[in-house]
Amino acid sequence: SQPLTIAEFAKKIGKNVTEIIKYFFNQGLMINQNMVLSEEQVGELALEYGFDFKKETSLTKENIFEQLDEETDSPESLQDRPPVVTIMGHVDHGKTTLLDAIRDSNVVGHEHGGITQAIGAYQITTKVGKKITFIDTPGHEAFTEMRSRGANVTDIVILVVAADDGVMPQTEEAIDHAKQANVPIIVFVNKVDKPGANIPKIKATLMEYGLVAEEFGGDIPFIEGSAKFKQGLDRLEETLLLIAEFGNLKANPSKLASGTVLEAHLDKNKGPIASVLVQRGTLNLRDVVITGSTFGTIKSMENENGRKLSHALPSQPLVITGLNEVPNAGDRFLVLNDEKLARQIASAQMLKKQEAERIAKQTLTLDSLKMHL
Ligand code: GDP
Ligand code: MG
């Protein structure tokens, strides 16, 4: 295959060439735009910048440059995908209860005994037949961490505010995160059943944060309800679907899959288990996946209900086994159906990681030395 220079590569994926040069510069590599990229570097950049590979043939070291997909998918290749929703808010305001309530009122049948523990995400099919994916962020920190690595997994944020408690520090934090991520916000005023509920006060306070309710001329939907008593859930779902439709959320399912790791852990018997969210393309059983500094061939795929899957589409969360090591939450993954190439990229990433750790340690030692001088 015809190798690409950095300039040609940048053009192909629709990035500014200086951005790529800066990326390598930050790793201590002095390069210029006329230098030719190695196959490993292409894989690394794919992980970093999240671009995709075509699906027609399997990806090999020989054809990696031709298989690089253009930044923009052709309009006819795009299909609707479900919105990916994150619930945020102050502790005890009812995030988990809301997630459970939405899930309970939609899930049909539950199959136990698979690899699924807490997947950290699930997908529902609403009464009108449309799907919505919910992500259960363990905390705002994880959300920020993912975003700082460029993993923008969320399309819509639901901000949960307890009607009896009002806007609290973590509510503010959540607003900041949602604003930084530049995604639409829906306010779910929860616990309206409680005696101390003061909805007008919440609306007034949130206005100071720029979240203006529709009735006051703003564009933020406020939904009043109770997660505990399953009130307001239908309206919440309708509003999510409306926003999704407005956002024209689409993805091309006809390419090698890429997405983000949501959670991962080591299972004594099954090895590394990862919950992942497919964001583009279609993920298939036995695909070779690379993520962070690890890789592997997918041995099993299950949805959040423990149902075995043979493939997964954009916006679908699932659990996979087959990776050689436990990846990090927030790591991007991509399919590269060439095990040898995947291994090379993974080990190059591993070396980089070790080098970064070594430098960090050195700096630390140096700092502590200086302190003692
Ligand atoms: P989280 O920390 O935001 O995930 O909050 P939880 O979902 O764990 O809820 C904290 C507490 O509030 C639990 O005891 C819930 O049962 C309770 N709770 C949640 N939603 C409601 C509600 O709508 N009404 C009432 N009265 N209690 C609720
Ligand atoms: Mg919770």
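A few remarks follow.
- Considering residues of region 152-168 that are over 26 Å from SER258 (Cβ atoms) and either within 16 Å of ligand 2 (Cβ to nearest atom) or modelled with pLDDT under 95 (or both) only, the residue most open to solvent (accessible area, probe 1.4 Å): ASP165
- Residues located in region 68-87, provided they are at pLDDT below 85, touching a Lys or Arg at 6+ places or on another chain (Cβ under 7 Å) and open to solvent by 30 Å² or more (accessible area, probe 1.4 Å): GLU70
- Filter pass, VAL36 being open to solvent by 20 Å² or more (accessible area, probe 1.4 Å) and modelled with pLDDT of 85 or more: yes
- Qualifying residue in region 340-352 (condition: closer than 19 Å to PRO272 by Cβ, among the β-branched types (Val, Ile, Thr) and modelled with pLDDT under 95): yes
- Filter pass, LYS191 being open to solvent by 60 Å² or more (accessible area, probe 1.4 Å) and either modelled with pLDDT of 90 or more or within 16 Å of ligand 1 (Cβ to nearest atom) (or both): no
- Test: residue in region 294-309 that is touching a residue at least 24 places away in the same chain (Cβ under 8 Å) and loosely packed, with under 14 Cβ neighbours inside 10 Å: yes
- Region 88-97 - residue that is open to solvent by 10 Å² or more (accessible area, probe 1.4 Å) and over 15 Å from LYS228 (Cα atoms) and, of those, farthest from ligand 1 (Cβ to nearest atom): HIS90
- Strands (runs of 3 or more DSSP E) lying entirely in region 252-340 (those with 1 or more residues that are of a type in the set (Lys, Arg) and within 14 Å of the chain's Cα centre (by Cα)): 271-280, 332-335
- Residue that is least open to solvent (accessible area, probe 1.4 Å), among those in region 201-240 that are hydroxyl-bearing (Ser, Thr, Tyr) and not in a strand (DSSP E or B): THR239
- In region 101-139, the residues that are of a type in the set (D, E, K, R), within 23 Å of the chain's Cα centre (by Cα) and modelled with pLDDT under 90: ARG103, ASP136
- Tally of residues being over 18 Å from the mean Cα position of the chain (by Cα) and open to solvent by 40 Å² or more (accessible area, probe 1.4 Å) across region 41-53: 1
- Leading residue by the ranking (nearest to ligand 2 (Cβ to nearest atom)) among those in region 210-229 that are among the charged types (D, E, K, R) and touching a residue at least 60 places away in the same chain (Cβ under 8 Å): LYS228
- The set of residues in region 241-277 being open to solvent by 10 Å² or more (accessible area, probe 1.4 Å) and charged (D, E, K, R) consists of GLU245, LYS250, GLU263, ASP267, LYS268, LYS270.
The values are calculated or read from the model by the stated rules, or taken from the named source; none is laboratory data. Here the structure is a predicted model, which means the values were calculated and not measured. Cβ: placed from backbone, ideal geometry, glycine included. Neighbour counts: every protein chain shown. We work out accessible area using only protein heavy atoms, side chains counted, and drop any ligands, DNA or RNA first. Shrake-Rupley method; radii C 1.70, N 1.55, O 1.52, S 1.80 Å.
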